[in-house]
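Worksheet: the structure to be examined is printed underneath.
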Amino acid sequence: MASPYDQDSDDRIYTPTPTFRFSGLLQKELREILRDRRTVITLILMPLLVYPLLGLMLQKFLLTQVTQISEVEYRIVLPNDSEAQLFRAMFNQGEEILAEKEKSKPSASAGVAAEPEAVKPEETPDPLAVFQQVKPVIKFMIADGSGKNSSITKLVSEGAVDVGVRYYPLETQNRHTQQKQTSGRFEIIYGAQSAHSRRAAEYVEERLQAVRWNYRDQLLTNLGESEFVPFATAVSTVKSEMGNAYSLVTIVPLILILMTMTGAVYPAIDL
């Protein structure tokens, strides 16, 4: 009887086909997977729980961003009524000054012949530029005289308001007339970790600076050189908690954790 290992009987040696080897490997892996009931439950429940959760998180994040772009609201808090009335008067005056400057720009450039410009290809609008063009809704608030809402710094830090404003009256002496002049300083407080709070502080400071420099221009025109200004502005920051904000900073780690949990299922199959 010829041995199957003889050179003359090579045709009797069985050589498995690639398809058969693949099917055998597939059956082996399926047996290993179905043997552990916990693995089967994990493979079924993980996609059913993880992917809808990711969809809800991304949907909530996108809706929050769209709402912020379509409607911008700046909440400004002041310590008392007297400072609030003074600040609103200065703020509204700054709004009028900036509005007049915007109106005067087209008329000033109307007499200059416009040079032909090359046709530029259409570009997608920048989200930041669109955001900056939206006119914000200003909401003035007054802090409580006592209680947990009495601290402006705490309100800004907790995110209850976007900007806090304080007014400090100052007295200066004129070098020429030796008379005392009443001035003051507005302190603008915003959250250092909040981009929205920083934009609100810049918006407020721009209007106060417009009033300040407009007053200085009038003094220079009427009285000549003068060092007196009606008030000064100062900007300070506080550490904001950002507990209610939704951003990629909070979503990305969650996505990475869920992806790690999903990937951990496959090593568990081989155990």
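Numerical summary
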read-out	value
Number of the condition not met by T39 [criteria: (1) assigned to a helix (DSSP H, G or I); (2) modelled with pLDDT of 85 or more]	(2)
Among the candidates V156, V130, residue that is within 17 Å of the chain's Cα centre (by Cα), outside any loop (DSSP other than H, G, I, E, B) and modelled with pLDDT under 90	V130
Pairs where the first residue, in segment 46-59, is within 13 Å of I257 (Cβ to Cβ) and the second is in a helix (DSSP H, G or I), C-beta under 7 Å, 6+ apart	M46/T262; M46/V265; V50/L258; V50/T262; L54/I255; L54/L258; M57/I251; M57/L254
Only listed residue being surrounded by 13 or more Cβ atoms within 10 Å (Cβ to Cβ), in the same structural domain as F91 (by TED's automatic domain parsing) and at pLDDT below 85, chosen from A232, A210	A232
Flag if K105 is assigned to a helix (DSSP H, G or I) and modelled with pLDDT of 85 or more	no
Test: E96 is at pLDDT 85 or above and not β-branched (V, I, T)	yes
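The values are calculated or read from the model by the stated rules, or taken from the named source; none is laboratory data. Small disclaimer: the values here were computed from a predicted structure and weren't measured. Neighbour counts run over all protein chains shown; Cβ positions are idealised from the backbone, glycine included.
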